[in-house]
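The values are calculated or read from the model by the stated rules, or taken from the named source; none is laboratory data. Note that this is a predicted model, so its numbers are computed, not measured. In this analysis, Cβ positions are derived from the backbone assuming ideal geometry, glycine residues included, and neighbour counts consider all displayed protein chains.
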Amino acid sequence: MTTMTMTGAAVTLQDITRVYGRGQAAVRAVDGVTLDFPRGSWTAVMGPSGSGKSTLLHCAAGLERVDSGRVLIGDTDITAAGDSQLTALRRTRIGFVFQSFNLIGSLTAEQNVALPLRLAGQRPSRADVRATLAAVGLADRVRHRPRELSGGQQQRVAIARAMVTRPEVLFADEPTGALDSSAARTVLDLMRAMADAGQSIVMVTHDPGAAARADSVVFLRDGRAVDRLTGASTHAVADRLAAWER
Amino acid sequence: MRGLSRAGLAERFGSAFRPSLGGGWGGRMVAGALLSATLGVALVQSSLLLLITAALLDPPAGASAAERLEFTDGTTAAVSMLGVVLGGAVFLAGFIISSTFAFTVDQRRRDLALLRLVGGSRGQLRRLLLGEALLLGTLGAALGVPSGLAVMSFQAWLMREFAFVPPGFEGRWRMWILGVSFGTGILLAVAGVLVAARRAARVRPLEALRETGAAAKVMTWSRALIGLVFLGGALALVIVAPAGGPAGGMAMAMNVPIPAAVAVVAFAPLLVPLIARLVPFTGPAGLARANLRDARRRSASVAAPLIVLVALVVGNTGAGASFTASGVRELAAQTHADLVVESTAAAPGGTAPSGTDAASPSGTAGAASIAQVPGVASVSTETRLPAEVTTGSGEDRETEVVSLLVIDPAAYGKAHGTGDALASLSGRAVAAGPGGDVPTKGTVELRLPTRDLGRIPVTASVPATMSGGANLLVPPGLVTPQELAGAPARSFVTLSPGADAAAVRATLAKIGTVSTVADWLRADAEAANSTNQKIMLIVLGLGGLYALIGVINSVVIGAATRRREFAEARVTGMTRAQVVRSALLESYAVTTAALLLGAVAAGATFIAVLATTKSVTGTATLDLPWPQIAGVALIALAVTGATTLITSLSATRPQPVTQLRSS
C-alpha cells in the first residue's frame, strides 16, 4: 500500500527499512514502509506477532535507526539525528507509553511525572504535575510509589509522565497489553479523550478492541504495511486481522 | 540538572534509611557503596596517622646514646611496616571503593536507560552518576573520619601488643588529615564511577524496554588493556625479584599479589564463568549453570574482591612463611658450631679471668675466657652495638641506624662459613655484614653511640642473607672495650674432638646462657616465625577484613536486582527452596572460581619467592601455611554462602507475582 505524504502529518515514514542480522541470518523487520500518521488523530498499528509493529514504532520514535528511508516528526527529519538532537526530541516533542509501564520504582507517582520536566531543566510546578495526574484520574495517588499502585494505575502514571511535556506525538507500545479488561478500558477511554482533544497518538496493539478505539488502523505483515481501515468496529478490525494472519 | 541529581539521591538515601517503604534494594546498594567508602577512608586515615606519628616519634628523655640509636632503629622498622600497611590500605580502598561504585552503576543500566527514554541526555546521566559518587564519597569520608579514629586505636593497640612500638604509643590526630580523608573518599568514589558512568551514559534508551536489563559487553578493550598492563607489572616483579638481593627480592615478591590480582580481575568476566562452569555440581533445572553463562559481568564483579582478598592473604602469608623458612634453613646451614653462649661484654678489668688481656682477638674479655675453657676448640664471639652509618654525599647523603658486630674475622669466617671473605678486615676498616643495607665497597661515615669514627673504608663483605643479621662487621681494634661494656655478645663455640660436652657446658654456664646450636636455631626459628605472623596480622588483618566486607557487599549488590528473576523462576514452577538452592549453587561456583583465580595470582608470588630464595640461599624454598590457606577458603565459602542465603531468602519472601509487576 502506498500513501502520498501529506504535509502536516504528525509522523511521516518514507520507504523505511530496518534489517536485523547479516547475510543469511538477516531479517527485514520493517521492509520499505511508507506511511503517515495524521496530526490530531489516533492511529493503531496492528499485525501478527513478528510483523514488525514494535520495530516500526521504535523507528518512528527515533529509538532505532532505519537502514534506509526517512523519518519525519512533524517537519523535522530525524533520520540522521544525533544523540543530543534525539534527546531534545524525547524531552519536548514526543512521549512514550509502554506495555511494562517503565516507571522508576524508587520515585513516587508525582516524581515520576515530574521527571521529564526536570531532565529538560525546568522546575516543574507541583500544581502542573498534580493537574496532569488528576487528568488521568490519580489525584489521590500522587505520593504512592509504583509498587503500591495497580497495573492500570501505573499505566496511567506512565501516560501522565508522557503527557506532562505536552508532546506533539504520543507513542504507545501495547499500552493495554499487561492490563485486565477494566483497567484497559480506563486507559483506552483516557487515550480516546486525549485524541478527541487533538493529541496525535501512534499505538501498537494486538488487541482488536483497543485498535477499534483509534481513528484508523494500519495493518502490518512481514514488515510491510498492507492495509488501512478507518472508523472500523472491533469486529471489523478482528476480521481484517484474521484475514491477514491467514 | 543539579536538582535532579539531588532529587535522585534524596530518593535513594530515603530508601536507604527507610528500606521498609520499598525500593529497599536500591537502598542496600547505596548502603554497600557507602560502607565501602567509609571503611576504606577509615583504613587509609588510620594507617597514615600512625605512620606519621611513628616517623616523628622521639626517644624517651634520659635514654642513653645507645638506647637512642636502638629506639631509632625500632621506629624505622615500625615506620616501614606502617608504610606497607598504608600501601595496602590505599590499594584496597582504591580497588574496593571503585569496583563497588562501578558495580552499582552497572547494576542500574535499566534505570539509566529509562532516564534516557524520558529525555535524559548522556551528559545528564554522567553528571547524575558522578554527582552521586561525589555525594557518597563525601558522606563516606564524613563517616570514615570518626571510624578511622576507632580503627587507629585498634591498630596502635595491636602494634603495642606485639612490641613493634614503645608502650604508650598512640596515633596522633592531625587537622590536615581531614583533607586527605575527604580527598580519598571523593577521589576514589568518583574515579570508580568515571569509567562506569561513561559506559552507562552510552546505554541505548531501548534497553529500558527489555525485561531483564541487557547485559553490558562482557570484555571491553580498556579492561583488557588494564589487565595486560598489570600482568606485565606482575611479570616484571617476578622476573626482577631474584636479582634484588634478600631485602629487595622479598619486597618485590611480596608486591606481586597486587598487580597479579588486578590483572586476574580485569580478565575475570572471561575467566570466572569459564572456571565456574567447570565446578562440579548439579542443581534444580540447571538454572545456576545458565545464570553463570548469562550474567558474566555480575559473576566477575562478585568475584573481584574475593580474588584480591585471596591473592593478598594467601600470597603474602605464603611468601612471608617461605622467606622465614628459607632464612631459618640458611642460618642452620651456615652456622658451624656446637654451642652458643649468650652473654654481656664485660667492663675492662672486670670479671675476666686472670691471664686474659683486654686486647684479646674479639675485643671482649668473654671471648678469651671461653677460648681458654678446656675442650673448646674455637670460638667466634660477636658483640652487638647500634651505630649510625652515613653513605653517599650531597643529595644522596643518607644516614641510618645499623646493627654493628665486633668480630674476630678468622673465627667469624669459620663459625659462619664465609671462608676468607673477611681475611683483609683489620685495623681501621669495616666489612658489609649479612644484613645488607651498607655498601660493599668505598667508604662510610660511622658513628658509635659515644664516638664519631669519621670516614672508614669498607674493605670486605659477606653475602647478604635471607635471615638478615648485622649490617656492619668490624675488627676488634676499632671499638674500645669501654665502648663495648654491657653490650650483648653471642659466642659460637666449637668443641675439640672428644671433649666432654657436659663439662664444657657447665663451665661456660658461668659466663653466660648456654644452648646447643640446634636449640638455639630452633628458638631463633620460632622467634622468626612469630615475628612474621605478627607482621602479617598487622599488615593483612584489617585489610583482609575490609576486603571480606567488600566481598559481602558485592554479593548483596549482585543480588539487588534479582528479585524479578527469582520470581520468574518461581512462577515457572520452582519452589522457593529450589530458587534459593540454585542461587547458593551459583554463589558456590563463583566463589570457587574466585578462590582458584586468587590462587593463580598468589601463585605468581610463589614463583617470585622460589626464584628469590634460590638466588639468595641456593635452595628454592616454598613453605605454605596450609591451615591459614584452608581457613581463607572456608571463610570465603561460608561468607559468600551465608550472604547469598540471606539475600536470596529475603528476595524470595514476597509472593512471586508481586515481583512480576513492572517497575
Qualifying residue in segment A:56-79 (condition: facing another protein chain (nearest Cβ under 7 Å), buried (at least 22 other Cβ atoms within 10 Å of the Cβ) and among the β-branched types (Val, Ile, Thr)): no
Per-region count, segment A:102-144, residues of a type in the set (A, V, I, L, M, F, W, C) and at the interface with chain B (Cβ under 7 Å from one of its Cβ atoms): 6
Complete set of residues in segment A:88-101 that are more than 21 Å from A:Val187 (Cα to Cα) and within 7 Å of chain B (Cβ to nearest Cβ): A:Arg90, A:Arg91
Among the residues listed as B:Glu526, B:Glu565, B:Glu586, the single one being acidic (Asp, Glu) and either free of Cβ contacts under 8 Å to residues at least 60 places away in the same chain or not assigned by TED's automatic domain parsing to the domain that holds B:Leu306 (or both): B:Glu526
Search result, residues across segment B:422-434 that are in a loop (DSSP other than H, G, I, E, B) and either touching a strand residue (DSSP E or B) at 6+ places or on another chain (Cβ under 6 Å) or not small (Gly, Ala, Ser) (or both): B:Leu422, B:Ser424, B:Leu425, B:Arg428, B:Ala429, B:Gly433, B:Pro434
Only one of B:Leu545, B:Leu645, B:Leu649 that is surrounded by fewer than 20 Cβ atoms within 10 Å (Cβ to Cβ) and under 30 Å from B:Ala253 (Cα atoms): B:Leu545
Selection within segment A:208-233 - closer than 18 Å to A:Ala184 by Cα and modelled with pLDDT under 90: A:Ser233
Filtered residues of segment B:508-523 (kept if buried (at least 18 other Cβ atoms within 10 Å of the Cβ) and assigned to a helix (DSSP H, G or I)): B:Leu508, B:Val517, B:Trp520
Scope segment B:126-139; condition within 22 Å of B:Thr561 (Cβ to Cβ) and more than 10 Å from every other protein chain (Cβ to nearest Cβ); matching residues: B:Arg126, B:Leu129, B:Leu130, B:Gly131, B:Glu132, B:Ala133, B:Leu135, B:Leu136
Only listed residue being under 28 Å from the mean Cα position of the chain (by Cα) and surrounded by fewer than 24 Cβ atoms within 10 Å (Cβ to Cβ), chosen from B:Ala300, B:Ala290, B:Ala295, B:Ala321: B:Ala321
Selection count, segment B:167-209, where residues are surrounded by 14 or more Cβ atoms within 10 Å (Cβ to Cβ), in a loop (DSSP other than H, G, I, E, B), more than 14 Å from chain A (Cβ to nearest Cβ) and in contact with a Lys or Arg (Cβ under 8 Å, 6 or more places away or on another chain): 1
Among (1) crowded, with 23+ Cβ neighbours inside 10 Å; (2) under 19 Å from A:Gly47 (Cβ atoms); (3) of a type outside the set (D, E, K, R); (4) within 14 Å of chain B (Cβ to nearest Cβ) - the single one A:Gln155 does not satisfy: (2)
Of residues in segment B:613-639 being of a type in the set (Ser, Thr, Tyr) and assigned to a helix (DSSP H, G or I), the one surrounded by the most Cβ atoms within 10 Å (Cβ to Cβ): B:Thr613
Long-range neighbours under 6 Å by Cβ, at least six apart or interchain, first residue touching a residue at least 40 places away in the same chain (Cβ under 8 Å) within segment A:95-124, second aromatic (Phe, Trp, Tyr) and surrounded by 20 or more Cβ atoms within 10 Å (Cβ to Cβ): A:Phe96/A:Phe171
Selection within segment A:227-242 - touching a strand residue (DSSP E or B) at 6+ places or on another chain (Cβ under 8 Å) and surrounded by 12 or more Cβ atoms within 10 Å (Cβ to Cβ): A:Asp227, A:Arg228, A:Leu229, A:Ala232, A:Ala236, A:Val237, A:Arg240, A:Leu241
Leading residue by the ranking (nearest to A:Pro167 (Cα to Cα)) among those in segment A:177-203 that are touching a Phe, Trp or Tyr at 6+ places or on another chain (Cβ under 7 Å) and small (Gly, Ala, Ser): A:Ser200
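Among the residues of segment B:435-457, is there at least one that is assigned to a strand (DSSP E or B) and at positive phi? Walk me through how you get there before you give the answer.
Taking segment B:435-457 as the starting set, the residues that turn out to be assigned to a strand (DSSP E or B) are B:443-447, B:452-457.
Keeping just the survivors that are at positive phi gives B:454.
Yes, the conditions are met somewhere in segment B:435-457.
Return yes or no: is B:Val462 touching a residue at least 24 places away in the same chain (Cβ under 8 Å) and within 39 Å of the chain's Cα centre (by Cα)? Steps first, answer last, please.
Values: touching a residue at least 24 places away in the same chain (Cβ under 8 Å): yes; within 39 Å of the chain's Cα centre (by Cα): yes.
In short, yes.
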